[in-house]
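Right, one structure below, let's go through it.
Here, each number is a calculation from the coordinates, and none is a lab measurement. Given the structure is predicted, the values throughout are model-derived calculations rather than measurements. Glycine gets a Cβ as well: all are built from the backbone with ideal geometry, and neighbour counts include every protein chain shown.
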Amino acid sequence: MSAIVSVRDLEVAYGNLEVVKGVSLDVHQGEKIVIMGPSGSGKSTFLRSLIWLVKPRRGRIVIDGVEVKHDTVREVRKKVGFVFQSYNLFPHLKVIDNIVLPLVKVHGIPRDEAVERAREALQMVGLLEKANAYPLQLSGGQQQRVAIARALAIRPKILMLDEPTSALDPELVDEVLRVLEEIARGGTTMLIVTHEVDFAEDVADRVLFFEGGKIVEEGPPEILYNPRSERLRQFLRRLHRRTAF
Ligand SMILES: Nc1ncnc2c1ncn2[C@@H]1O[C@H](COP(=O)(O)OP(=O)(O)OP(=O)(O)O)[C@@H](O)[C@H]1O
Ligand SMILES: [Mg+2]
């Protein structure tokens, strides 16, 4: 198995605040990686820095054979679908146009093909019938599924999702997780920041536990039931206390 994402000695800082403190990681083609860790541990910053939404201070990133640099970052971003915690849809554009517009403007895809791809992506997330609705006419879960469709429509080699369900009401979480499970069954490589333990168990090939800007434990999803480090044990105890009611 070859690495589709390769990260070496990555360091990211905001001014004097060091947030990612030397992370190395190889993600293999088709692998599903779940990233967990306490708030402020650098999970979002790490994920964003892989495509230079935050520019790293040090380290080497290679994505699908291309080293991320000034003159390659645009090319690299075309290979990566990114879904944020808050879905960032344009409120004044219909659902379909939210997907078509970036395909045409950013990816240079002809409009006819873009529409076809957008419809296909909406079909995948079960929202084709909402193509002509406006985002505010949809539930939070539906809006997040549109955001996922938008990322899928670029036919990404790698899909990165940063807490895709954490802004949703509990009863809307499952519909989004089900869509992500379906996508995971395809071959797309996925990096997902989430604290959904059941989802991680079902989908992840590997779980990374971040703390203080470093990967402090990693392994198969079984580590969520049998953690080696006291830190992960504590984190999971707190997580289970929060979700058990
Ligand atoms: N744009 C920014 N400018 C300055 N500091 C930032 C910025 N974004 C994040 N930080 C800081 O960097 C640290 C790591 O933040 P980050 O968002 O990566 O953590 P996280 O693990 O994703 O947390 P959460 O679980 O709350 O989303 C925090 O101390 C945060 O305050
Ligand atoms: Mg975050």
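Which length gain, in nm to one decimal place, applies between Asp169 and Arg8 when the Cα-Cα distance is subtracted from 0.36 nm times their residue separation? Don't jump to the answer; show the numbers that get you there.
Values: separation 161, 0.36 × 161 = 57.96 nm, distance 3.70 nm.
Difference between extended and current length: 54.3 nm.
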(message) Debye calculation, C-alpha points only, no solvent: report log10 I(q)/I(0) for the chain at q = 0.07, 0.09, 0.13, 0.15 Å⁻¹, in the same order as the q values.
(response) -0.23, -0.38, -0.82, -1.08
(message) Between Arg60, Arg145, Arg228, where does the largest GNM mean-square fluctuation fall for the chain, given springs only between Cα atoms within less than 10 Å?
(response) Arg228
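Considering every pair of different Cα atoms, what Kirkwood radius, in Å, is found for the range 77-216? Mind dumping the intermediate values first?
Working: mean 1/r = 0.0651 Å⁻¹.
Taking the inverse mean of 1/r over all distinct Cα pairs, the range 77-216 comes out at 15.4 Å.
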(request) Compute the FRET efficiency between Ser24 and Gln123 as 1/(1 + (r/R0)^6), taking r as their Cβ-Cβ distance and R0 = 35 Å, and round to the nearest 0.05. (result) 0.35
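How do Ile192, Ile154 line up, fewest other C-beta atoms within 10 Å first?
On the way: Ile192 25, Ile154 22.
Placing the least packed residue first, the sequence is Ile154, Ile192.
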(request) Give me the compactness ratio for the range 88-155, meaning the Cα radius of gyration over 2.2 N^0.38 Å. (result) 0.96
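How much length, in nm to one decimal, is gained on full extension between Ser39 and Lys105, taken as 0.36 nm per residue of separation minus their Cα-Cα distance? Display every interim value, and only then the final one.
Values: separation 66, 0.36 × 66 = 23.76 nm, distance 3.47 nm.
Gain in length upon complete extension: 20.3 nm.
In this model, which of Lys69/Lys105; Lys55/Lys130; Lys69/Lys94; Lys105/Lys214; Lys94/Lys214; Lys32/Lys105 are farther than 31 Å apart at the alpha-carbon? Could the numbers behind the result be given before it?
Numbers: Lys69/Lys105 22 Å; Lys55/Lys130 36 Å; Lys69/Lys94 35 Å; Lys105/Lys214 36 Å; Lys94/Lys214 41 Å; Lys32/Lys105 29 Å.
Check vs 31 Å cut-off fails for Lys55/Lys130; Lys69/Lys94; Lys105/Lys214; Lys94/Lys214.
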(request) Take Phe90, project a point 7 Å from its Cα along the Cβ direction, then tell me which residues of the range 99-135 have their backbone nitrogen under 11 Å from it. (result) 99-106
(message) Taking every DSSP beta bridge with both residues inside the chain, roughly what % is antiparallel (nearest 5)?
(response) 55
(request) Arrange the following residues from fewest to most other Cβ atoms within 10 Å of their Cβ: Val19, Val176. (result) Val19, Val176
